[in-house]
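Accompanying notes for the structure given below.
The values are calculated or read from the model by the stated rules, or taken from the named source; none is laboratory data. Computed from a predicted structure; not experimentally measured. Cβ: placed from backbone, ideal geometry, glycine included. Neighbour counts: every protein chain shown.
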Amino acid sequence: MSSITDPAFLPVMESFYTIQGEGFHSGTPAYFVRLGGCDVGCTWCDVKESWDASQFDWVSIGDIVKEAKESKAELIVVTGGEPLMYDLSQLTNELKSEGFKTNIETSGAYPLSGTWDWICFSPKKFKAPLEEFYINSDELKVIAYNKSDFKWADQHGSKMQDKAQLFLQPEWSKEKEMTPLVVDFVKQNPRWKISLQTHKYMDIP
């Protein structure tokens, strides 16, 4: 086990080969690397067990990449927790040297590190994002948990670059209540698209 100060190791909660269930790459085979540690504190988070990094083993980047190569994935998704609590430069360098496409899912609360083919920026009300993510992100994904989130989504969407894809996703525990409202919002704001957690509908890990 190593420590947070050693960039050659990262706290891995889990890693697995699956189908990306949401956002721009929904339906795409992907190898997920979920890092432990998060201080954003979303009340509706469905992986709260990821928050405490101290309970996870620190795995060498070499081993992370080796396991990824054993899958058939072309796309690597680094998520959390909040993955940018750590410097991800070495991880992405080694992944890209092996030919992987790199995708990160982040709240944008920490400075961007690493070299990414796709950045999914999902800002949260609980910890303000950094301005650099409005410029550098390929995708904005906003979770709709209550009616006030639509105005909040619009505020973030207006700051994104024209190239960015905008997705609004009903929060899973309130899916029946929020989905019709999401549909109405997207119809009235056609730059936006709907993201659904299709892996949960299909019972895909």
Can you report the number of residues in the range 7-48 which are more than 16 Å from the chain's Cα centre (by Cα) and farther than 27 Å from GLU74 by Cα?
1
Just for the range 17-58: of the residues that are assigned to a helix (DSSP H, G or I) and hydroxyl-bearing (Ser, Thr, Tyr), which one is surrounded by the fewest Cβ atoms within 10 Å (Cβ to Cβ)?
SER54
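Would you call ILE104 aliphatic (A, V, I, L, M), under 23 Å from PRO205 (Cα atoms), under 14 Å from the mean Cα position of the chain (by Cα) and crowded, with 19+ Cβ neighbours inside 10 Å?
yes
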Taking the range 59-91 on its own, how many of its residues are within 15 Å of PHE9 (Cβ to Cβ) and in a helix (DSSP H, G or I)?
12
If the Cβ limit is 7 Å and pairs must be 6+ apart or interchain, which residue in the range 150-166 that is touching a residue at least 24 places away in the same chain (Cβ under 8 Å) pairs with which residue that is part of a helix (DSSP H, G or I)?
PHE150/PHE185; LYS159/TYR134; MET160/TYR134; GLN161/ILE135; LEU166/GLY157
If I ask for residues that are at negative phi and either part of a helix (DSSP H, G or I) or small (Gly, Ala, Ser) (or both), which ones from the range 92-119 would you list?
THR92, ASN93, GLU94, LEU95, LYS96, SER97, SER107, ALA109, SER113
Identify all residues within the range 136-176 that are hydrophobic (A, V, I, L, M, F, W, C) and in contact with a Pro (Cβ under 6 Å, 6 or more places away or on another chain); write none if there are none.
ALA144
Of the residues in the range 48-95, those that are modelled with pLDDT under 95, of a type in the set (Gly, Ala, Ser) and within 23 Å of SER122 (Cα to Cα) come to SER50, ALA53, GLY80, GLY81
Looking at the range 166-204, which of its residues are within 26 Å of PHE16 (Cα to Cα) and not in a helix (DSSP H, G or I)?
PHE167, LEU168, GLN169, PRO170, GLU171, ILE194, SER195, LEU196, GLN197, MET202, ASP203, ILE204
Within the range 70-126, the count of residues that are within 30 Å of GLN155 (Cα to Cα), polar (S, T, N, Q) and without any contact (Cβ under 8 Å) to a residue 24 or more places away in the chain comes to 1
